[in-house]
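J.: Got a structure for you, written out below as structure tokens; questions coming shortly.
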Amino acid sequence: MSAIYKIIDKKKLDIVKKPISKAHGLPNECYTSKDYTLIEREKIFENKWTVIGVASSLPNIGDVKPFNLLGLPLFLVRNKKDQIKVFHNVCSHRGVKLVNKKGNIRNVIRCPYHSWSYTSDGKLIATPHIGGMNQHSSPKFKKNKNNLKEIRSCVWLDLIFINISNNEIPFEKYIKPLSDRWAKFWKKKDRKLINHANDFGYFKINAKCNWKFAIENYCESYHLPWVHPGLNSYSKIEDHYHIQGLPNRFAGQGTVVYNPKFKGKKKFPCFPNWPKEKENIAEYVALFPNVMLGIHKDHFYAYWLEPISHKKTLEHMEIYYVGEKAAKSLEFKSLRNQNHKLWENIQKEDVGIIQRMQLGRNSHAYNGGNFSPDMDNPTHQFHKWVATHIV
Ligand code: FES
Ligand SMILES: [Fe+2]
């Protein structure tokens, strides 16, 4: 029997998978239980393709960054071949956590305890005095059996995805349904134009709630008139449509009236092959488990979630423009600033409401809730995905 059934009654998860009009949402334990969250770490974050950062945050060869996945220590590095690699963050000798803070390793990753050293590809290359004083190798010890443990990883649209359990299908196949969907907006060569803004290109929000609330809220536009009155004044609830990925690994919504209004006459450059008749379309898709994407004719963003505990989440927003000039030059600085403020305000409005969902989940009178059969379909799709993969 699956370990999850010791925490959650099987019937509660089965009911999530029923047709929307008969289903309830995920049970409270999925948001309030520490034990559940440890199972979620394995079944959701280790077994699936999970985002842990962006490649542009490690711009130089030798840049390293630790990442804590609900207690599991990992680190990211840009190696000498200019590739992003991800490793378990633990020395092969006595188990010290190797990379403690963001920085640059220059030549090697050196353990502070007994100075064993590793290359940026995780190869163990120095073991001082291992065979006794001034004996830096030993016939009884094979260096090449003690390299760092690499984690399967892939960079797509600057996002670093990992699959720790090494059990998922190849990332190219995993992403194909979404990638094919968006081929109508941007050609492969257009995707390469995305540039992370050098200023006003990032913000983070500490949300006092479970990470799943951010995803399920992102999937629907039902809340627009009440949570985002400003946004709703030009992009109304009726201007949105549902997006439900097949197979079930992404869901969200799109708008048909995207038309940014910034001060001044200046406009951001657009993706060169974005079709004219689709220029007012923008799509907002949550790719399960933990990243929310937004594509528009003139910018792209990735809003990824770092779960801290069952009731804390660090939300990271990364904003990209079309070409280096739009992303980095002074000429577009004011526009970048305005766009950044726009998204930050919208996400803060969302965080305000999802934090209250966390509080509501402490009610034992709540059975996971009931969905609107017409408005909540993408959100139900995410709940079904979790209920299926947590087992
Ligand atoms: S624990 Fe790392 S060198 Fe000893
Ligand atoms: Fe929202």
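J.: If the cut-off is 18 Å between C-alpha atoms, which lysines fall inside it for K188, apart from same-chain ones fewer than 8 positions away?
T.: Within the straight-line cut-off, K188 pairs with K173, K176, K276, K278, K297.
J.: What number comes out for the charge environment of E150, summing +1 per Lys or Arg and -1 per Asp or Glu over other residues with Cβ under 13 Å away? Mind showing how you got there, number by number?
T.: On the way: positive: K85, K123, K149, R152; negative: D121.
Spelling it out: positives minus negatives among the neighbours equals +3.
J.: Need the list of aspartates and glutamates near K184 for cross-linking: C-alpha distance under 19 angstrom, and skip anything on the same chain fewer than eight residues off.
T.: Excluding near neighbours in sequence, the set is E172, E277, E279, E283, D298.
J.: Which residue fluctuates the most in the chain, going by a Gaussian network model with Cα springs under 10 Å, if the choices are Y321, Y241, Y218?
T.: Highest fluctuation of the listed residues: Y241.
J.: Given charges of +1 on the Cβ of Lys and Arg and -1 on the Cβ of Asp and Glu, with all other atoms neutral, how large is the dipole of region 57-155 about its Cα centre, in debye to the nearest 20?
T.: Details: 18 positive and 4 negative charges, 26 e Å.
Taking the Cα centre of region 57-155 as origin, the dipole is about 120 debye.
J.: Report relative contact order for region 169-389 in percent, whole number only (criteria: Cα-Cα under 8 Å, sequence separation at least 6).
T.: Numbers: 367 pairs, mean separation 68.3, N = 221.
That works out to 31 percent.
J.: Moving on to the next point. How much of E344 can a 1.4 Å solvent probe reach, expressed as accessible area in Å² and rounded to 10?
T.: 40 Å²
J.: Could you tell me which Cys residues in the chain have no other cysteine's Cβ under 4.7 Å from their own Cβ, answering none if every one has a partner?
T.: For the chain, the answer is C30, C154, C209, C219, C270, because their Cβ atoms have no other cysteine Cβ under 4.7 Å.
J.: On a 0 to 90° scale, report how tilted helix 171-182 is relative to the longest principal axis of the chain, with both axes built from alpha carbons and the result rounded to the nearest 10.
T.: Relative to the chain, helix 171-182 is tipped by roughly 20 degrees.
J.: Turning to a different aspect of this structure: Report M133's accessible area, 1.4 Å probe, all protein chains in place, as a number in Å² to the nearest 10.
T.: Here the residue's solvent-accessible area equals roughly 140 Å².
J.: Work through the residues other than V16 whose Cβ is under 13 Å from its Cβ and net out their charges, Lys, Arg +1 and Asp, Glu -1.
T.: +3
J.: If one puts a single equal scatterer on every Cα of region 248-391 and applies the Debye formula without solvent, what log₁₀ I(q)/I(0) results at q = 0.08 Å⁻¹?
T.: Values, matching the q order: -0.29.
J.: Something else about it: Is there a quick way to get the dipole size of the chain? I mean about its Cα centre, with the Cβ of Lys and Arg at +1 and of Asp and Glu at -1; what is the value in debye to the nearest 20?
T.: With only Lys, Arg, Asp and Glu charged at Cβ, the dipole is about 1240 debye.
J.: Related question: For a quick protection proxy, order the peptides 71-77, 23-29, 190-196 by their average other-Cβ count within 10 Å, most packed first.
T.: The peptides rank, most packed first, as 23-29, 71-77, 190-196.
J.: What accessible area per residue comes out for the chain, rounded to a whole number of Å², with a 1.4 Å probe?
T.: Ligands and nucleic acids excluded, the result is 47 Å² per residue.
J.: Okay, next question. Say the dipole of region 58-153 comes from +1 at the beta carbon of Lys and Arg and -1 at that of Asp and Glu; which of T119, V77, I105 then lies farthest toward its positive end?
T.: So the residue we want is T119.
J.: Based on the Kirkwood radius over alpha-carbon pairs, what is the Stokes-Einstein translational diffusion coefficient of region 20-133 at 4 °C with 1.567 mPa s viscosity, in µm²/s?
T.: 79 µm²/s
J.: Oh, and also: Using θ = phi - 60° and the Karplus form 6.51 cos²θ - 1.76 cosθ + 1.60, what ³J(HN,Hα) does each residue of region 120-127 get, whole Hz, x for Gly and Pro?
T.: 6, 9, x, 7, 6, 10, 9, 9
J.: Taking Cα atoms, how many degrees apart are the long axis of helix 333-360 and the longest axis of the chain, rounded to 10 and kept between 0 and 90?
T.: Result, in degrees: 90.
J.: Just read off the accessible area of S92 with the full protein assembly in place, 1.4 Å probe, to the nearest 10 Å².
T.: Approximately 40 Å² for this residue.
J.: Choose one of N377, V391, N339: the residue whose Cα lies farthest towards the positive end of the charge dipole of region 336-391 (beta-carbon charges +1 Lys, Arg; -1 Asp, Glu; about the Cα centre).
T.: Of the options given, the answer is N339.
J.: Could you work out what % of the accessible surface of region 1-145 is carbon and sulfur, using a 1.4 angstrom probe and leaving DNA, RNA and ligands out of the count?
T.: Result for region 1-145: 50 percent of the exposed heavy-atom area is carbon or sulfur.
J.: Moving to a separate point now. Mind ordering 58-69, 31-42 by average Cβ neighbours within 10 Å, highest first?
T.: On the way: 58-69: 16.1, 31-42: 17.7.
Most protected by this proxy first, the peptides run 31-42, 58-69.
J.: Based on alpha-carbon centroids, what's the gap between region 192-233 and region 255-300 in Å, whole number please?
T.: A separation of 14 Å, based on Cα centres.
J.: Evaluate the relative contact order of the chain (contact order divided by residue number), counting alpha-carbon pairs under 8 angstrom at least 6 apart; express in whole percent.
T.: Dividing the mean separation by the residue count of the chain yields 22 percent.
J.: Also, I was wondering about something else. Using only the alpha-carbon atoms, what does the chain span along each of its principal axes? Please give whole angstrom values in decreasing order.
T.: Per principal axis, max minus min of the Cα coordinates gives 75, 57, 33 Å.
J.: In region 169-389, what percent of the accessible surface is made up of carbon and sulfur (1.4 Å probe, ligands and nucleic acids excluded)?
T.: So the carbon and sulfur contribution to the accessible surface is 55 percent.
J.: What is region 126-275's relative contact order, in percent, from Cα pairs under 8 angstrom and six or more apart in sequence?
T.: 18 percent
The values are calculated or read from the model by the stated rules, or taken from the named source; none is laboratory data. The shown structure was predicted, so the numbers you read here are calculated from the model rather than taken from an experiment. Methodologically, a virtual Cβ is constructed for each residue, glycine included, from the backbone with ideal geometry; neighbour enumeration extends over all protein chains shown. Heads up: the accessible areas ignore ligands, DNA and RNA and are worked out on the full protein's heavy atoms, side chains in. Shrake-Rupley method; radii C 1.70, N 1.55, O 1.52, S 1.80 Å.
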